[in-house]
């Protein structure tokens, strides 16, 4: 009764009941693929919570100290204050190691969920007008997630993260004209600069989370305003969305998914070891561990650097370094094409109309072929980022493996694109869905005392699921 009076009183003063009622009736499609974006959002919540906990104990300083903690192999060694604080979090702070690992696993899953969400949007054409702007927002969120992950795992100041920072510093330094100034601004001077960890911490816990929260809020607001897309089905139109209302059906599903994500991350943080900095040791500028690989979302860049040749060019007396081509030019071209694809496709097809229905990949063979080629290209580069591990696993020379990977980089994307294009064209020419449910075999007792078998269509094979279509809010 008290709550009811409170709500009624607030409505009389601010008039929010009508908006809240419309919002709770908003319809969301029933399809598992729409949950990928939500997984990323829940991972971000975990990242903020665990990151807040870790920031209470982390010390962003490269000041040398002598380690005297409980980890015996490093006892008495000189380490940075940052590395010492991470060791203290891992071995002395109660639940510190669990929080570290939950945080790291959440970062890995965060970028993975965004990646698979973008793949789903790309192959189903959900980026078409009027959602082309939201594609750019989602793509920006993807890049921000990568930068946040990179700055995060660079903070422990261990040997693995220090090697990654040295590569990043060299890539920035290779940019003609502005590379020196950018390196000084981002890294605080010549690597390893004493101000580096402070700048990484500010970027990681202040700038990037604010940008991610803003991009995520903008993305959700645009989805809310433009409504969800859905696949074609009998009874559906471009002006309606068929599914379940936000409350209570969809809200309860989303709440259940959130707790499932939390539980999976907690289990991974407690059971699956990740980023054991005590095994890598503190960062030493003149040393590098092998094998050494970054997190998966940076593996493609590592692979591009490892496969690139010694290509240096001198222009007007200025030398453009070898890392400029795989570290700047390649990702610049690739990600520009990805970001601009909605506009590229609209210009190629001449389709500038608004669309609210999704497409099956077989309906757009060229788009599917380009997407498959891009995924193949990035997959090969990611594998190349672990060429030292692969060479040891298969007992081959790293140089020989690099030759095979370079050939694969040239041949496999084109071959996959050709196969996917032909497969989509053939599937698109068929009148029926390429994957249909088998007919149901019914066995009944006959009047003569025997059995009679008959085939019938599976339930739901020819008709859509019985959901109540509701018109979305304008």
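Nothing in this text is a laboratory measurement; each read-out follows from the coordinates by a stated rule. The shown structure was predicted, so the numbers you read here are calculated from the model rather than taken from an experiment. Every residue, glycine among them, receives a Cβ derived from its backbone with ideal geometry; neighbour counts consider all protein chains shown.
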Checklist entry - Zone of residue 78 (label point 7 Å along Cα→Cβ, backbone N under 19 Å): which residues in the stretch 254-289? => result 281-288
Checklist outcome for this item: For volume of the Cα convex hull per residue in Å³, with candidates [x] 293; [y] 264; [z] 143, the value calculated from the shown model is option [y]
Checklist entry - When the convex hull of the C-alpha atoms of the stretch 22-73 is computed, what volume per residue in Å³ does it have? => result 184
Checklist entry - Scattering from the C-alpha atoms of the stretch 246-346 alone, worked out with Debye: what is log10 I(q)/I(0) at q = 0.20, 0.22 1/Å? => result -1.08, -1.13
Checklist entry - Relative to the present Cα-Cα distance, how much length would full extension add between residue 237 and residue 260 at 0.36 nm per residue of separation? => result 4.9 nm
Next on the checklist: Quick check on the stretch 291-407: take the gyration tensor over C-alpha atoms, sort the square-rooted eigenvalues as a ≥ b ≥ c, and tell me if it's rounded (a/c under 1.5), prolate or oblate.
Outcome noted: oblate
Checklist entry - Say R0 is 35 Å: what FRET efficiency, to the nearest 0.05, do residue 177 and residue 221 get from their beta-carbon distance? => result 0.35
Checklist entry - Per 10 Å bin, what is the whole-percent P(r) computed from every C-alpha pair distance within the stretch 57-157? => result 14, 32, 23, 16, 11, 4, 0
Item to check | Rounded, prolate or oblate (a/c below 1.5 giving rounded, otherwise prolate when a/b exceeds b/c) for the stretch 146-298 by Cα gyration tensor | outcome: prolate
Checklist outcome for this item: Over the Cα atoms of the stretch 99-230 the radius of gyration and the largest Cα-Cα distance (Dmax), both in Å, equal 17.3, 52
Checklist entry - Can you work out the FRET efficiency for the pair residue 287 and residue 404, with r the C-beta to C-beta distance and R0 = 30 Å, to the nearest 0.05? => result 0.55
Checklist entry - How large is the convex hull of the Cα atoms of the stretch 95-144 per residue, expressed in Å³ as a whole number? => result 63
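What is the calculated FRET efficiency for residue 207 to residue 94, with r their C-beta to C-beta distance and R₀ = 30 Å, to the nearest 0.05?
0.50
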